[in-house]
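Read-outs: derived from the displayed coordinates by stated rules, not from any lab. The structure presented is a predicted model; accordingly, all values stated were derived computationally and were not measured. Note that each Cβ is placed from the backbone with ideal geometry, even for glycine, and that neighbours are counted across all protein chains shown.
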Amino acid sequence: MSEMLKMNAIQAINAAMMDAMAADPKVLVLGEDIADPEGGGVTGTMRGLSTKFGEHRVRTTPISEQAIIGAAIGAALGGYKPVAEIMLMNFTTVCMDMIFNHAAKLRFMSGGQSAVPITIRTLTGAGWQTAGQHADHLEGWFAHAAGIKVVAPSNPADYKGLLMSCIQDPDPCIFIESAGTLFVPGEVAADQGPIPLGVARVANEGTDVTIVTWSSMVLRAQAALPALAEAGISAEIIDLRTVSPWDREAVFASVAKTGRAIVAHEAVRNFGPGAEIAASINEELFTTLKKPVIRLGAPTCPVPFSKPLEDAFLVSPAQVVAAAKSLMA
Amino acid sequence: MSEMLKMNAIQAINAAMMDAMAADPKVLVLGEDIADPEGGGVTGTMRGLSTKFGEHRVRTTPISEQAIIGAAIGAALGGYKPVAEIMLMNFTTVCMDMIFNHAAKLRFMSGGQSAVPITIRTLTGAGWQTAGQHADHLEGWFAHAAGIKVVAPSNPADYKGLLMSCIQDPDPCIFIESAGTLFVPGEVAADQGPIPLGVARVANEGTDVTIVTWSSMVLRAQAALPALAEAGISAEIIDLRTVSPWDREAVFASVAKTGRAIVAHEAVRNFGPGAEIAASINEELFTTLKKPVIRLGAPTCPVPFSKPLEDAFLVSPAQVVAAAKSLMA
Amino acid sequence: MAESSTANAPQPSSAALVDIYRRMVRIERNDDAIRATIRRGKLMMPYYSARGQEVIPSAVSHHLTDDDKICTIYRGIHDMVAKDMPLRPLWAEIAGRVDGTCKGKGGPMHLTHPETGVMVTTGIVGSSMPIANGLAWAALLDGSKQVTVAYFGDGASNIGAFHESLNLASVWKLPVIFVCQNNGFAEHTRFEKATSVEHIATRAIAYGMPGFTVDGNDPWAMYEAVAMAVERARNGDGPTLLECKTFRFLGHVLGDDDFYMTKEEKAAAMADDPLPKFRARLIAEGHATEEQLAKMQADIEAEVADAQAFGMASEFPSADELRRDVFATEMPPQQFSAMEFGA
Amino acid sequence: MAESSTANAPQPSSAALVDIYRRMVRIERNDDAIRATIRRGKLMMPYYSARGQEVIPSAVSHHLTDDDKICTIYRGIHDMVAKDMPLRPLWAEIAGRVDGTCKGKGGPMHLTHPETGVMVTTGIVGSSMPIANGLAWAALLDGSKQVTVAYFGDGASNIGAFHESLNLASVWKLPVIFVCQNNGFAEHTRFEKATSVEHIATRAIAYGMPGFTVDGNDPWAMYEAVAMAVERARNGDGPTLLECKTFRFLGHVLGDDDFYMTKEEKAAAMADDPLPKFRARLIAEGHATEEQLAKMQADIEAEVADAQAFGMASEFPSADELRRDVFATEMPPQQFSAMEFGA
Ligand SMILES: Cc1ncc(C[n+]2csc(CCOP(=O)(O)OP(=O)(O)O)c2C)c(N)n1
Ligand SMILES: Cc1ncc(C[n+]2csc(CCOP(=O)(O)OP(=O)(O)O)c2C)c(N)n1
Ligand SMILES: [Mg+2]
Ligand SMILES: [Mg+2]
């Protein structure tokens, strides 16, 4: 086994980019402030890339998200593998046409002639008091769109391995970096390579309740484990890692075993991505389920500024515990 | 009871606009080609308005959807009730920031100081062979967004009454006009007034299976009724009319009665709005349900051009029948 | 504000003029056949004819090779035909058949043919431009001399994507040409009612880019303007904005009754039809003979007839096609839909 | 290309100059207090200081009344303070408290105060402009003389919303003023690296609109340019684009280490701080006395101290606030979330 390195998600993203760009001269990077004269990205994830690989491959852009995604799509049609940064997920709303009507559809609409192997990296998530326009988890929108894969890691090793897979993938991927996961250190193998998309990870084994989750919510579910153990509840945490297409087999296998399921995410609960997973579990395991699936997600409101409100907005470990207890009752 | 008029949805929309503009000088209209010199809208829904109420209140715009929704929001903040047309629903992707980050959030982010009583009318739906970028049903996205109401009528009377309610509503509404419903005539009372938002309609009473649906899919569900009757299945069709917030009481009451539910819509099934409703039914009526809820929706692909593919893309009455039979089996 | 094109530009040879004319005839004959087929009820589709705008893409494509790329729009079949896209897969596509260039899945608004450089056809106003930039960036990285053309309409010059694209192209000095086909109307809206500037080419000033307003119905003016823009792009001098003034004879979409324009202006435009005018001048000035052009037209008509027959005879795709080309890998049914309840 | 402002414009009176200075001091003293409070760990928020940019909104607001509206951005507290927004609800808001102008729900990036015309504060680059147009349209319909100002940065001039907004404002002749605060940087990106034109004001040509590049740190130049733009708007002559050149002393966001600029350029800009310069000139030219300005400053400091104390003493909102103001009607819990599992 290779040496294990301690790093956070930012460093893991950087390592993935370094590896990917070194391995494949077709990999490009573009986005606001991402070249080194501008700091290698606002959180430093792209640091060093333009110095090492040149500003022709690593380009800082104007604040023009439609032009960013358009340039990525066009370069992809020209044979490249661009990694485009949309600084925050809420800003995908100014370039949603390029993502939804073009990147995601060109392969299908062209009858397979046009591949768009782009990766859109984007940061989001509540917790930093950035309020209503900087923290929405919109993976549900992208999961509902045909033709784009939705990836949302929770830990540094997955950040590295999944980003590498997104870059190599022949289809467009949106890669979601969530605030709550960004500075949490973890172990990453020095030679960590691609981790396949669409394959979930068992973040904790258990027998009583399955918690299906991803991204920042994985950490909050893990934070509930001591209290769950104390309550005598053995929880299995399935970290989906890829929200679409999601790992149906892994989820169904776990719920078949436990007979109880919680689907939890940071995104708003109402019409959120958890509904698909809950509905699917009900469809597949109707007779196996001991209790109806519980969905946990943010309340139906914009992300609030005030700290106590922001705390209340996020699904807490205590809510996870309460949900699990109600399933065991 | 007032005189009943025969009209289609286009005429009903026009009638709603005429009434609303005559009743309230604060009602404005803006969008591409919507004044009379440009034909009163591409389908003629706005015909006659600018002639009657003046081009200061009924303004044809440039092809600038961000500017359209922005102007609507600003005019709303200035005390008006603008009805903005985004010609087709897919074009909401070029102004999604204005809709999602601004129209839907300003009331909350301002702590209640800013009301944005705008109505966004938009046409969509497969069936006209307009292919991948002109026919997506994206109500699931808007339903997932806090702060905006999502209305999707199926028949002329509802078109009129619900549009009037959207215009009067103190909050932003997106009003979805679906191709399949546009030219189907129906009876509308001459004095048809507002129909409350958030209240479903029983489109067909039945006892065996509940079909929860809206917009164009209501017609396809109704088309399944003869075959269902032939199979001895008594189906209750609930036309939600408002997708968000939806009428939970009406749905739960019907499913409590039938014990079987189908949720059907034209939108893509995967991570679609039906998932929320199916998941909620499972949550509320877990022990009452005789079979798992079935969700019907479009396959996970862009809307195809070729006629046989477009036909296969849409949920057919036959699929509804097959689903109902499987619930009865 | 718009610069007018330079005096010392290259003049087209007879061969060049005849080549431009050939592309125009191919566009017109094909357009005519499409309309006839729709009218006979044999083709079902929204059709945005470009009748009257033939000169623009013909002059543009004359200066391009198969390696050069175009991104075009719903009103773009003329652009593709000018780019020498083969007509058989085009017809099969608009008929929604498996032999269509997009297997019938894209249809007329999304025709794609990478071999001849037809990279993207979009139905979203303004969206040809951001993608064209990316193709041009790829060409720069490749070190090729390849040029990318983004076609769009006058109405599209008011949408955000136009602005972002021209700015980026200028800052990155991309080998791209922005060709605005200004036909005076956006659907039913007059240019003046929606646009704050007299000449769209003036907007080039806002991007430190050369911009020219050209008579898009004049093959000589177009030849010259495109030659210059292509040369700039190939020399690494960056993008150019060409505003090409023209007129669409058949309204926005087939069936449109043109109520929004005066009979007089339409009649005047049609009386000035660039196609017969150019033909007459080619013969009068000795660039071609009557026989030569008649033969050319007959050949083209045969090509169109063959393509039409081919397209209409092709099979419809099977419903399995819905699961293909969503991703590179075929979608497994369970990720796809509740098709198990299908009929 | 940018026109320079006219020679026969009105000159500011002493009272006007002192009023502009007052607004500047209020901005600066308030900014200083916010930064000090953040540094003491008493306020948690992303803070985009506008230190160095005080002249621009002060000169603008001098020409406005409470009925006139502004739409501003995340770096916009200076714009609000210049508009005489009261400081108590401002402080309570940035502290996330119930007495905040947005009940603590919006925070510093979404401060709103309709009574003083602070209509929208947006965190999305470019989005102040489309909304400002609508307010201006409403004013036109009302038949009022009300003016709307849209503030934005140099980086925002490259986004699509800028283009759509200026075009619409021009075509509709809206009483709106587009005030670009060009501080030379968009986050860490230099103006030149992202922008294809030397002067943003040049872009006004693309919209048939007057555009001026003004020294945004010169109160006299700003006074004059704004006077003209406001007069145009009130007279029904339509929109104006003002590009106001300035510099932000404290980087993009508090904590930013300015690595992307040279020490020299920063030092030069700070040596040219408009605030002490203006103060000295006010006294030297006899517009105000030392004592008068000292008293003014003391009063402002007292106001700021009071607001700060008020804000920090206000209560935090209760979690029920999450269900309020989503819609006009409070959300019923079951439409809202799975809060029943809450803790
Ligand atoms: C973003 C967007 N908005 C609106 C439309 C609807 N639409 C289709 S074509 C068109 C007019 C475009 O006019 P122009 O750019 O002048 O091109 P032309 O059709 O004249 O060739 C409009 C408004 C669209 N397709 N995309
Ligand atoms: C649409 C969008 N893209 C990106 C961002 C992230 N962002 C916030 S401020 C900023 C820089 C803006 O620069 P400028 O317009 O010059 O204003 P300044 O901050 O200098 O006042 C960026 C890129 C954003 N908020 N919105
Ligand atoms: Mg046009
Ligand atoms: Mg700036």
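Listed conditions (1) more than 10 Å from chain C (Cβ to nearest Cβ); (2) assigned to a strand (DSSP E or B) are all met by A:PRO82, apart from (1). What about D:SER170, is it within 16 Å of ligand 2 (Cβ to nearest atom) and either surrounded by fewer than 24 Cβ atoms within 10 Å (Cβ to Cβ) or of a type in the set (S, T, N, Q) (or both)? Judged against the criteria, D:SER170 is not a match.
Going through segment A:153-184 one residue at a time, which ones are over 16 Å from A:ILE118 (Cα atoms) and within 14 Å of another protein chain (Cβ to nearest Cβ)? A:ALA179 - this is the single residue of segment A:153-184 that is over 16 Å from A:ILE118 (Cα atoms) and within 14 Å of another protein chain (Cβ to nearest Cβ). Could you look through segment D:260-300, keep only residues that are part of a loop (DSSP other than H, G, I, E, B) and touching a residue at least 24 places away in the same chain (Cβ under 8 Å), and pick out the one that is nearest to A:GLY39 (Cα to Cα)? Result: D:TYR260.
Selection of segment D:56-72 for residues being buried (at least 24 other Cβ atoms within 10 Å of the Cβ) and either more than 15 Å from D:MET24 (Cα to Cα) or within 16 Å of ligand 1 (Cβ to nearest atom) (or both) yields D:ASP68, D:LYS69, D:ILE70, D:CYS71, D:THR72. Among the helices (runs of 4 or more DSSP H) confined to segment B:116-206, the ones with at least 2 residues that are surrounded by fewer than 24 Cβ atoms within 10 Å (Cβ to Cβ) and not aliphatic (A, V, I, L, M) are located at B:156-168.
Of all residues in segment D:96-116, none satisfies being more than 9 Å from every other protein chain (Cβ to nearest Cβ), within 16 Å of ligand 2 (Cβ to nearest atom) and among the hydrophobic types (A, V, I, L, M, F, W, C). May I ask you to list the residues in segment D:33-59 that are in contact (Cβ under 8 Å) with a residue 12 or more places away in the chain and assigned to a helix (DSSP H, G or I)? Hits for segment D:33-59 are D:ALA33, D:ILE34, D:ARG35, D:THR37, D:ILE38, D:VAL55, D:ILE56, D:PRO57, D:SER58, D:ALA59. Within segment B:75-101, the set of residues being small (Gly, Ala, Ser) and over 19 Å from the mean Cα position of the chain (by Cα) comprises B:ALA75, B:ALA76, B:GLY78, B:GLY79.
Go through C:MET129, C:MET80, C:MET119 for me and flag whichever is away from ligand 3 (no atom under 16 Å from the Cβ), in a helix (DSSP H, G or I) and buried (at least 24 other Cβ atoms within 10 Å of the Cβ). Answer to the selection: C:MET80. Would you pick out the residues in segment D:282-324 that are crowded, with 17+ Cβ neighbours inside 10 Å and away from chain A (no Cβ under 14 Å)? Scanning segment D:282-324 gives D:LEU282, D:HIS287, D:ALA288, D:LEU293, D:GLN297, D:ILE300, D:VAL304, D:ALA307, D:GLN308, D:PHE310. Selection within segment D:190-219: residues that are within 14 Å of chain C (Cβ to nearest Cβ) and among the charged types (D, E, K, R). The member of this set that is farthest from ligand 3 (Cβ to nearest atom) is D:ARG190. Residues that are more than 7 Å from chain B (Cβ to nearest Cβ) and more than 15 Å from ligand 2 (Cβ to nearest atom) within segment D:117-133 comprise D:GLY117, D:VAL118, listed in sequence order. A search for C-beta distances below 7 Å between a residue of segment A:19-31 that is free of Cβ contacts under 8 Å to residues at least 60 places away in the same chain and among the β-branched types (Val, Ile, Thr) and any residue that is part of a loop (DSSP other than H, G, I, E, B) and surrounded by fewer than 23 Cβ atoms within 10 Å (Cβ to Cβ), counting only pairs 6+ apart in sequence or on different chains, returns A:VAL29/A:ARG57. Scan segment C:156-179 for residues that are near ligand 1 (Cβ under 8 Å from one of its atoms) and more than 8 Å from chain D (Cβ to nearest Cβ) and the total you get is 2. Can you tell me which residue in segment C:135-189 is nearest to ligand 3 (Cβ to nearest atom), limited to those that are aliphatic (A, V, I, L, M) and part of a strand (DSSP E or B)? Of everything passing the filter in segment C:135-189, C:ALA186 is nearest to ligand 3 (Cβ to nearest atom).
Just one of the listed residues (B:LEU228, B:LEU219, B:LEU289) is farther than 27 Å from A:GLY147 by Cα and within 14 Å of chain A (Cβ to nearest Cβ), and it is B:LEU289. Taking (1) over 15 Å from the mean Cα position of the chain (by Cα); (2) in a loop (DSSP other than H, G, I, E, B); (3) surrounded by 23 or more Cβ atoms within 10 Å (Cβ to Cβ) in turn, D:ASN217 satisfies each apart from (1).
Given the criteria more than 11 Å from ligand 4 (Cβ to nearest atom) and of a type in the set (S, T, N, Q), does D:SER165 qualify? In short, yes.
B:ALA72: assigned to a helix (DSSP H, G or I) and either within 26 Å of B:GLY132 (Cα to Cα) or away from chain D (no Cβ under 14 Å) (or both), yes or no? For B:ALA72, the condition - assigned to a helix (DSSP H, G or I) and either within 26 Å of B:GLY132 (Cα to Cα) or away from chain D (no Cβ under 14 Å) (or both) - is not met.
Note on segment D:134-154: among residues that are over 19 Å from D:LYS83 (Cα atoms) and crowded, with 24+ Cβ neighbours inside 10 Å, the one that is farthest from the other protein chains (Cβ to nearest Cβ) is D:ASP154.
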